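Colleague: Before I ask anything, here is the structure I am working with.
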Amino acid sequence: MSKEQYFLSIEPSLGLKEKIIFNIEKEAKKKAFFAFVFGGLTSLTSVLAMVYSLILIIKDYYVSGLSEYMSLIFSDSSVLMGLWKEYTYSIIESLPFVTITLTLVSLWIFVWSIKYIFSNLKTSSFIS
């Protein structure tokens, strides 16, 4: 008897197909649940990082003197027209780039995690 004939002669046990499908669905639900938890924790962490970095941006705005440069627009705008290059360089130099970058990265992570959560909820449902 060849291998092919031997394997064709073996009958699977009753309910094997249902057990396999049940285990596959159970693993898919487990994967979707962990993806949901991971996405939720990531989005929560990124929101907290965004709030913290926005507080830092406001603090750095006043510490760097950017508020004084911005107030010059409304008080001495005629002088600024002649010195607009120096004024622009001064504003760029006093911008808090690190905290702005931290805020933008936190925002990007938040948007990605929300997208990740919804894509996993759309493809598989662990709630049912």
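The values are calculated or read from the model by the stated rules, or taken from the named source; none is laboratory data. What you are looking at is a predicted structure, and each value in this text was computed from that prediction instead of being measured. Cβ atoms come from the backbone with ideal geometry, glycine included; neighbour counts cover every protein chain shown. All accessible areas refer to the heavy atoms of the entire protein, side chains included, with ligands and DNA or RNA removed. Shrake-Rupley method; radii C 1.70, N 1.55, O 1.52, S 1.80 Å.
Colleague: Go through the residues of region 43-62 one by one and say whether even a single one is within 24 Å of residue 96 (Cβ to Cβ) and basic (Lys, Arg).
Modeller: Pass one, region 43-62, residues within 24 Å of residue 96 (Cβ to Cβ): 45-62.
When the remaining residues are screened for being basic (Lys, Arg), the result is 59.
Yes, region 43-62 has at least one match.
Colleague: Considering only region 45-97, state which residues are among the charged types (D, E, K, R) and open to solvent by less than 90 Å² (accessible area, probe 1.4 Å). Spell out how you get there, then give the answer.
Modeller: As a first pass, look at region 45-97 and keep what is among the charged types (D, E, K, R): 59-60, 68, 76, 85-86, 93.
60, 76, listed by residue number.
Colleague: Further, regarding this structure: Can you tell me which residue is most open to solvent (accessible area, probe 1.4 Å) among those in region 2-42 that are farther than 30 Å from residue 119 by Cβ and in a helix (DSSP H, G or I)? Explain how you work it out, then say what you get.
Modeller: Of region 2-42, the ones farther than 30 Å from residue 119 by Cβ are 2-16.
Those left that are additionally in a helix (DSSP H, G or I): 3-9, 16.
Values: 3: 156, 4: 128, 5: 110, 6: 119, 7: 138, 8: 140, 9: 70, 16: 71 Å².
So the residue we want is 3.
Colleague: Scan region 98-124 residue by residue and report those that are surrounded by 14 or more Cβ atoms within 10 Å (Cβ to Cβ), at pLDDT below 90 and small (Gly, Ala, Ser).
Modeller: 124
Colleague: Moving on. Between residues in region 1-27 that are modelled with pLDDT under 85 and residues that are exposed (fewer than 10 other Cβ atoms within 10 Å of the Cβ) and polar (S, T, N, Q), which pairs lie under 9 Å by C-beta distance while being six or more apart or on different chains?
Modeller: Short answer, once both residue conditions are applied: 1/9.
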